[in-house]
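To start, the structure itself, in structure tokens.
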Amino acid sequence: MTKKILFFIAVGFLAAGAALLLAQQSDILSVITGGTRIPAIAAPDFKGAGDAGRFMPAFNATLFSELEQSGRLQMVAKSLYPLEVPQQPSDFKAPEAPARRGEQPRRVGPWLTDWFNPPVNANYLAFGYTAVQDGRLVLFGWLYNVGQPDIASAQVVGKVYTGSLDDDGARKVARDFAADILTQFGAVSLAGSRIHFVSDRTGNKEIWSMDYDGSNQKQLTNFRSITTMPSVSPDGRLVACTTFARGQPEIVVLSAESGRRLTFYNQRASMNANASFTPDSKHVIFSSTAAGDGYANIYMADVNGGNLRRLTQVRAVEVEPKVNPKTGQDVVFVSGRSGPPQVYRMNIEGTDIGMLTTGEGDAVNPAWHPDGKFIAFAWTRGFEPGNFNIFVMNVATRQLVQLTSGQGRNENPVWAPDGVHLAYSSRRGGRTSIFTMLADGTQQKQLTSQGNNEKPVWAKAIQ
Amino acid sequence: MKQQRSQIGRTSMVAVALGLSLFAVGCKKKVPAPAAPPTPVTEPPKMTPRAPQIGSFTVEPSRVDRGQSATLRWSTSDATDVNISGIGAVNAQGNRSVSPNQTTTYTLTAKGPGGETSRAVTLTVGEPVVPRPAEPPKAPSMTWGQLWQTENAGDAYFDYDKSDIRPDARETLTKNADVIKRVFGLDAGASFTVEGHCDERGSAEYNLGLGDRRATAAKELLTQLGVAADKLRTISYGKERPTCTEANESCWQKNRRAHIEPVR
């Protein structure tokens with residue numbers, strides 16, 4: 001009888017949880033960004049004068065996707081745009097005042113309301129043009145708030161950008177312009193940010209690095225062993241990884257820019273692994289068997305490996321510790337102390353340990369959101385062992401949103417510095433690749449295609 | 001100790017008795033064939049020629065190994081023509097060394113005016129009992145690495161997400177502990193790596209810790225079974241070095257293992 005009641009209570013909770021999940025999935029972005037309404041923007045194709053015209057397809061594609069992928073703006077479909085598209089502020093013609101009272105103003109040319117009113121219903125308009133000056137590509141770009149009554153008050157951004165006279169230059173000025181637009185909406189620019197990851201394309205697992213759009217991929221380590229599990233310091237300058245280059249797995253710290261190896265003293269242990277950084281980039285927290293009692297537990301040390309401190313002491317496997325980047329005071333990690341691996345939270349002293357996940361399935365790979373309120377992680381809940389999907393949890397309320405489903409094995413989610421994107425690895429059709437997506441699970445984009453690629457970490461641009 | 005000594009006493013007595021009896025048998029064999037009866041002096045000489053007589057025809061020894069030789073001895077009387085098969089005409093009495101390649105029957109034929117008589121002896125030739133080159137003692141010629149390769153009992157297997165030693169794994173590790181101890185008998189400087197591995201389903205990070213557990217659990221059992229702990233180094237490969245790459249339970253089981261590897 002008691003069992004039956006418990007069962008019904010459990011079913012009730014599951015149903016409530018599912019409803020919450022569905023309700024939240026579409027809202028997660030505004031929850032994360034703190035915004036209530038996502039503004040709509042129109043970004044018509046820009047034209048280029050003379051030689052600049054050749055590079056406009058690259059420019060227009062880049063600008064549109066940068067704005068679309070920001071998660072901060074809603075793109076108005078191009079099919080709804082008016083026929084007359086302005087290229088510079090002087091193209092706008094204010095309507096003539098009505099001759100008689102009660103009549104509508106008379107339209108004499110392109111105007112803000114063309115974009116503000118139905119069917120476009122945009123809040124903002126990005127427009128401009130490019131030209132060639134002294135062998136350089138020059139962009140004149142504006143962002144207007146088309147809900148304003150006149151041109152002077154409509155202008156939000158009005159700036160000149162220059163780049164090389166080729167497709168790369170066109171993409172660069174598009175990204176710079178998009179970054180200025182997105183800053184207006186609280187977005188942190190991803191320009192200059194890089195994704196470090198593991199690739200086996202040379203035949204060995206090594207750490208690689210690429211721009212956040214998948215371009216400019218380059219090899220960072222060359223240990224010709226198994227080198228994996230990278231993390232990046234919050235300032236973007238250091239990469240820590242785990243390598244088998246000398247036999248037992250140990251931690252290596254590298255310069256993110258040069259790949260140069262920095263001093264890190266490894267404890268004498270069968271395993272030192274999964275190092276990640278504290279918010280000040282001065283300490284690392286990692287998993288080690290240094291105590292010699294046969295279990296990998298959580299340790300902390302200076303960024304050179306000195307001043308070792310043991311944080312947990314339990315006869316269970318504990319890995320993947322991550323310090324809250326905002327508070328520096330709490331740690332999420334994965335522990336097998338209750339059975340299958342689950343995500344736990346504790347404070348930086350190693351006390352006040354509690355399970356965040358429900359105990360179902362395997363819950364692994366926790367990663368803090370930059371604001372320190374959310375984590376993303378991989379979970380097999382509701383699936384067979386090994387069938388991981390990406391979830392986001394509000395750590396305070398334990399509310400969950402599932403971001404991926406039905407497409408491959410998805411693991412190692414990490415947040416972009418902008419807080420609205422995630423990178424993760426996904427195995428689809430026998431190959432593992434790095435993907436990015438918006439925090440609501442949309443705009444999934446594959447960044448790698450050579451070999452198997454996994455375990456991305458998203459490094460903010462080095463200042 | 002006392003018991004052992006009396007055992008030895010009894011054994012030696014039996015050996016002496018046996019030796020004596022053998023000696024006795026040997027003596028009997030050596031009794032010469034009875035000599036021809038002496039001619040009665042009283043009997044008057046007969047005109048008819050006497051039939052040839054074979055006094056003796058022997059081969060000594062009667063059995064040899066191939067390549068060895070034996071001696072034919074014979075004596076005849078009243079014969080004018082004495083012949084041994086395979087040898088030809090010989091004197092009325094004499095000896096001849098022979099070393100046939102196979103068992104041979106020699107027939108001595110004595111012919112004379114009084115008739116013909118013959119007798120045969122057989123020399124048995126056996127395969128030489130080649131003193132087998134003494135079996136190369138295993139120890140000196142086989143390296144400890146080879147000993148390990150040929151005798152080890154394979155990997156010890158685990159359940160999903162577990163590092164407990166199952167009964168089958170205990171059996172495997174017990175056998176391996178014996179081989180390892182024999183290896184140390186050959187080379188005290190030998191050492192081993194105990195590798196812990198996992199199947200592909202868990203996360204790579206957690207599996208690194210789980211593989212470490214499996215290697216450690218295997219090492220602990222080997223140590224309990226008398227293998228010196230400082231000769232065993234554990235290493236976890238997590239799921240980075242699968243031995244099987246298919247996505248099914250039989251393959252996953254092969255990967256959930258503790259593998260022992262000799263250190264060169």
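The values are calculated or read from the model by the stated rules, or taken from the named source; none is laboratory data. The model shown is predicted, which means the values in this text are computed figures rather than measured ones. Methodologically, a virtual Cβ is constructed for each residue, glycine included, from the backbone with ideal geometry; neighbour enumeration extends over all protein chains shown.
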Task: Conditions (1) part of a helix (DSSP H, G or I); (2) over 26 Å from A:PHE377 (Cα atoms); (3) at pLDDT 95 or above; number of the one not met by B:VAL194 - done: (1)
Open item on the list: Between a residue in the range A:92-108 that is more than 18 Å from A:ALA152 (Cα to Cα) and any residue that is among the aliphatic types (A, V, I, L, M) and modelled with pLDDT of 80 or more, which pairs come within a Cβ distance under 7 Å, given they are 6 or more apart or on different chains?
Closed with: A:PRO105/A:ALA97
Task: Test set (1) closer than 25 Å to A:VAL314 by Cα; (2) within 14 Å of chain B (Cβ to nearest Cβ) - A:THR358 fails condition number - done: (2)
Open item on the list: Please go through the range A:70-123 and give me each residue that is under 30 Å from A:ILE32 (Cα atoms), among the basic types (Lys, Arg) and surrounded by fewer than 16 Cβ atoms within 10 Å (Cβ to Cβ), ordered by number.
Closed with: A:LYS78
- [ ] Give the number of residues within the range A:290-316 that are in contact with a Ser or Thr (Cβ under 9 Å, 6 or more places away or on another chain) and at pLDDT below 95.
- [x] 2
TODO: Return yes or no: is A:PHE388 buried (at least 19 other Cβ atoms within 10 Å of the Cβ) and within 14 Å of another protein chain (Cβ to nearest Cβ)?
DONE: yes
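So, A:ALA191, is that one surrounded by fewer than 22 Cβ atoms within 10 Å (Cβ to Cβ), in contact with a Lys or Arg (Cβ under 6 Å, 6 or more places away or on another chain) and not in a helix (DSSP H, G or I) or not?
When the stated conditions are applied, A:ALA191 passes them.
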Open item on the list: Quick check on the range A:361-383. Is at least one of its residues buried (at least 19 other Cβ atoms within 10 Å of the Cβ), over 23 Å from A:VAL232 (Cα atoms) and at pLDDT below 95?
Closed with: no
Task: Out of A:ARG409, A:ARG398, sole residue that is more than 12 Å from chain B (Cβ to nearest Cβ) and either basic (Lys, Arg) or without any contact (Cβ under 8 Å) to a residue 60 or more places away in the chain (or both) - done: A:ARG398
Open item on the list: Consider the range B:154-169. How many of its residues are assigned to a helix (DSSP H, G or I) and closer than 18 Å to A:GLY294 by Cβ?
Closed with: 1
Task: Residue check, A:ASP440 on the phi > 0 side of the Ramachandran plot and either in a strand (DSSP E or B) or surrounded by fewer than 22 Cβ atoms within 10 Å (Cβ to Cβ) (or both) - done: no
Open item on the list: Condition first: farther than 14 Å from B:ASP155 by Cβ, touching a residue at least 12 places away in the same chain (Cβ under 8 Å) and more than 11 Å from chain A (Cβ to nearest Cβ). Can you find one or more residues in the range B:199-209 that meet it?
Closed with: no
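Tell me, yes or no, whether the range A:124-147 has at least one residue that is part of a helix (DSSP H, G or I), out of contact with any strand residue (DSSP E or B) (no Cβ under 8 Å at 6 or more places or on another chain) and surrounded by fewer than 14 Cβ atoms within 10 Å (Cβ to Cβ). Lay out the reasoning, then the answer.
Applying the first criterion (part of a helix (DSSP H, G or I)) to the range A:124-147 yields none.
The answer is no; no qualifying residue exists.
Given the options A:SER233, A:SER258, A:SER287, name the one that is at pLDDT below 95, within 29 Å of the chain's Cα centre (by Cα) and of a type in the set (S, T, N, Q).
Numbers: A:SER233 fails: at pLDDT below 95; A:SER287 fails: at pLDDT below 95.
That would be A:SER258, the only listed residue that is at pLDDT below 95, within 29 Å of the chain's Cα centre (by Cα) and of a type in the set (S, T, N, Q).
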Task: Filter result for B:GLY189 (out of contact with any Asp or Glu (no Cβ under 9 Å at 6 or more places or on another chain) and not in a helix (DSSP H, G or I)) - done: yes
- [ ] Return the only residue of A:ILE28, A:ILE32 being of a type in the set (A, V, I, L, M, F, W, C), touching a His at 6+ places or on another chain (Cβ under 8 Å) and either crowded, with 18+ Cβ neighbours inside 10 Å or over 30 Å from A:GLY372 (Cβ atoms) (or both).
- [x] A:ILE32
- [ ] Go through the residues of the range B:232-247 one by one and say whether even a single one is surrounded by fewer than 20 Cβ atoms within 10 Å (Cβ to Cβ), more than 10 Å from every other protein chain (Cβ to nearest Cβ) and part of a helix (DSSP H, G or I).
- [x] no
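Taking the condition in contact (Cβ under 8 Å) with a residue 24 or more places away in the chain and assigned to a loop (DSSP other than H, G, I, E, B), does A:ALA461 pass?
yes
Which count do you get for residues in the range B:163-177 that are touching a residue at least 24 places away in the same chain (Cβ under 8 Å) and not hydrophobic (A, V, I, L, M, F, W, C)? Give the steps one after another, and end with the answer.
To start, the set of residues in the range B:163-177 that are touching a residue at least 24 places away in the same chain (Cβ under 8 Å) comprises B:163-165, B:169-170, B:173-174, B:176-177.
Those left that are additionally not hydrophobic (A, V, I, L, M, F, W, C): B:163-164, B:170, B:174, B:176.
The qualifying residues number 5.
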Task: Selection within the range A:326-344 - away from chain B (no Cβ under 14 Å) and surrounded by fewer than 18 Cβ atoms within 10 Å (Cβ to Cβ) - done: A:LYS326, A:THR327, A:GLY328, A:GLN329, A:ASP330
Open item on the list: Please count how many residues of the range A:419-462 are touching a helix residue (DSSP H, G or I) at 6+ places or on another chain (Cβ under 8 Å) and among the aliphatic types (A, V, I, L, M).
Closed with: 3
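Is it true that B:ASP212 is at the interface with chain A (Cβ under 8 Å from one of its Cβ atoms), among the acidic types (Asp, Glu), within 19 Å of A:ARG268 (Cα to Cα) and in contact with a Gly (Cβ under 7 Å, 6 or more places away or on another chain)? Show your work before the answer.
Numbers: at the interface with chain A (Cβ under 8 Å from one of its Cβ atoms): yes; among the acidic types (Asp, Glu): yes; within 19 Å of A:ARG268 (Cα to Cα): yes; in contact with a Gly (Cβ under 7 Å, 6 or more places away or on another chain): yes.
In short, yes.
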Open item on the list: If B:GLU220 satisfies all but one of (1) within 11 Å of chain A (Cβ to nearest Cβ); (2) touching a residue at least 24 places away in the same chain (Cβ under 8 Å), what's the number of the condition it fails?
Closed with: (2)
Open item on the list: Every residue in the range B:226-244 that is free of Cβ contacts under 8 Å to residues at least 40 places away in the same chain and farther than 22 Å from A:ALA269 by Cβ, please.
Closed with: B:CYS244
TODO: Residues being closer than 25 Å to A:VAL323 by Cα and within 13 Å of chain B (Cβ to nearest Cβ): count how many of those fall in the range A:415-455.
DONE: 4
Task: the range B:76-107, residues that are small (Gly, Ala, Ser), under 18 Å from B:THR122 (Cα atoms), in a loop (DSSP other than H, G, I, E, B) and in contact (Cβ under 8 Å) with a residue 24 or more places away in the chain - done: B:SER85, B:SER99
Open item on the list: For the list (1) without any contact (Cβ under 8 Å) to a residue 24 or more places away in the chain; (2) within 14 Å of another protein chain (Cβ to nearest Cβ); (3) farther than 30 Å from B:LEU232 by Cα, I need the number of the one condition that A:TYR161 fails.
Closed with: (2)
- [ ] Test B:ARG256 against the criterion of being crowded, with 18+ Cβ neighbours inside 10 Å and touching a strand residue (DSSP E or B) at 6+ places or on another chain (Cβ under 8 Å), and give yes or no.
- [x] yes
